[in-house]
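The values are calculated or read from the model by the stated rules, or taken from the named source; none is laboratory data. Since the structure is predicted, the reported quantities are computational estimates derived from the model, not experimental observations. Methodologically, a virtual Cβ is constructed for each residue, glycine included, from the backbone with ideal geometry; neighbour enumeration extends over all protein chains shown. Only protein heavy atoms, including side chains, enter the accessible area calculation; ligands, DNA and RNA are left aside. Shrake-Rupley method; radii C 1.70, N 1.55, O 1.52, S 1.80 Å.
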Amino acid sequence: MAERGVCFRPRLEALAPLLDKYHQRCYLRDIGIPVPKFTALDLKHNANDLYIFSKFGFPVVLKARRHGYDGQGTYIIKDTQHLEATLEDIKKGRFKATHVEFLLEEFIPFTHELAVIAARSVNGEVVNYPVVETQQQEQVCRRAIAPADISPQVAATIENISRILLNSLDAIGVFGIELFLTADDKVLVNEIAPRTHNSGHFSLDACQTSQFEQHLRAICGLPLGNPSLICPGAVMVNLLGYENGIGDYQEKRQLIETIPNARLHWYGKSESRVGRKLGHVTVLLDNPSRDDAIAVAQQVESIWYPNQT
Ligand code: ADP
């Protein structure tokens with residue numbers, strides 16, 4: 001279609017460096033954005049090459065270069081025994097055929113995971129949403145807390161990273177940027193999602209302009225909207241499948257909706273699977289306290305997940 005002159009926004013050239021996690025890391029490094037130390041690893045040919053792992057020490061992170069999402073294809077390897085078991089699985093072909101080319105990278109002992117949604121217009125204007133703290137369980141995002149409790153310096157560093165990246169890509173549209181924050185306030189980029197992103201879902205209810213409207217504005221050549229919060233704080237909780245089934249969980253959804261200022265979004269998927277994103281809820285808060293946000297998230301999760309108090 002591009003060859004036939006169809007206009008793509010973002011341009012295909014802006015997406016190309018991001019599709020493969022190894023190429024994405026190389027691109028970020030080359031434009032001066034801090035990333036974890038990394039190398040490429042083809043496990044078909046190097047499955048017995050333990051030397052390469054010893055360079056990074058343990059824990060170490062192995063990621064499928066393509067088709068990974070929600071922690072699928074990401075393995076945090078604790079020690080030699082765990083490594084041998086993982087390599088054994090690979091040799092026996094238990095991983096998908098597409099998961100033979102890996103990115104190997106240092107484990108970052110982060111104190112927090114952060115994310116920011118950034119948008120760039122046709123005119124090159126860049127706006128950033130408030131940085132959020134994301135909390136994952138088993139490598140899947142469970143919650144996003146807005147705004148993240150970070151220093152103005154860290155916020156400025158992240159703003160700068162997003163500008164450098166979007167300008168360098170000549171990107172148009174909304175991009176999600178996932179980051180690690182270390183104990184000494186160092187910021188490293190984990191991953192770029194060239195699209196609207198789960199960490200920006202709070203913007204539907206908690207911001208002047210949602211990330212979805214913003215994306216449409218950007219790609220239609222309209223002026224960008226105001227990304228500010230309309231309330232002092234908000235917490236977004238993903239409603240993940242915890243069983244395989246076809247229920248619509250109406251009772252639980254109604255209970256969650258009784259939480260003051262809760263806005264529930266149900267995706268209407270026909271089937272639930274363990275870990276599948278079935279919906280999310282955003283609760284608007286009357287203060288930006290992280291503790292309050294976590295307490296509200298726990299309240300939602302105690303309703304949603306069985307066996308959780
Ligand atoms: P996906 O594309 O499946 O979301 P990610 O690369 O974002 O995969 O990894 C999922 C999660 O795994 C991250 O949110 C983080 O919690 C953990 N993780 C990934 N890479 C590292 C790393 N280098 N150091 C520490 N934890 C990591």
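Shown for segment 122-201: the carbon plus sulfur share of the solvent-accessible area, taken with all protein chains present and a 1.4 angstrom probe, equals 45%. Solvent-accessible surface (1.4 Å probe) assigned to Thr111 amounts to roughly 70 Å². Result for the chain in a Gaussian network model with C-alpha springs under 10 Å: among Leu166, Leu216, Leu114, the largest mean-square fluctuation is at Leu216. Where does the longest stretch of the chain lie that holds no GluC sites (Glu not before Pro) found in a DSSP loop with 14 or fewer other Cβ atoms within 10 Å? It works out to 4-124. In this entry, segment 211-309 is assigned a mean projected area of 7.7 nm², taken as a quarter of its C-alpha convex hull surface.
What number in nm² do you get for the chain if you take the convex hull of its Cα atoms and divide its surface by four? Show your work: numbers first, answer last.
Details: hull surface 71.3 nm².
One quarter of the hull surface, i.e. the mean projection, equals 17.8 nm².
Where only DSSP H runs of four or more residues are counted, the chain gives -8000 deg cm²/dmol as its mean residue ellipticity at 222 nm, each run worth -39500 (n - 2.57).
Taking chymotrypsin sites (Phe, Trp or Tyr not before Pro) as exposed when DSSP calls them loop and at most 14 other C-beta atoms lie within 10 angstrom, the chain has its longest site-free stretch at 9-266.
Does segment 59-177 classify as rounded, prolate or oblate by the C-alpha gyration tensor (a ≥ b ≥ c root eigenvalues; a/c under 1.5 gives rounded; else a/b over b/c gives prolate, otherwise oblate)? In terms of gyration-tensor shape, prolate.
As an exercise, use a Förster radius of 35 Å and the Cβ-Cβ distance of Asn287 and Gln72 to find the FRET efficiency, rounded to the nearest 0.05. Step by step, r from the Cβ atoms, then E = 0.45. Pairs of Lys residues in the chain are counted when their Cα atoms are under 17 angstrom apart and they lie 8 or more places apart or on different chains; the count is 18. Placing +1 on each Lys and Arg Cβ and -1 on each Asp and Glu Cβ, with no other charges, gives the chain a dipole about its Cα centre of roughly 820 debye.
Compute the length gained on full extension between Asn244 and Asn226: take 0.36 nm times their separation in residues and subtract their Cα-Cα distance, giving the result in nm to one decimal.
Contour length minus Cα-Cα distance gives 2.5 nm.
Per residue, the chain exposes an accessible area of 49 Å² to a 1.4 Å probe, with every protein chain left in place. Taking packing as the residue-averaged number of other Cβ atoms within 10 angstrom, the listed peptides 167-173, 203-209, 283-289, 77-83 run from highest to lowest as 203-209, 167-173, 283-289, 77-83.
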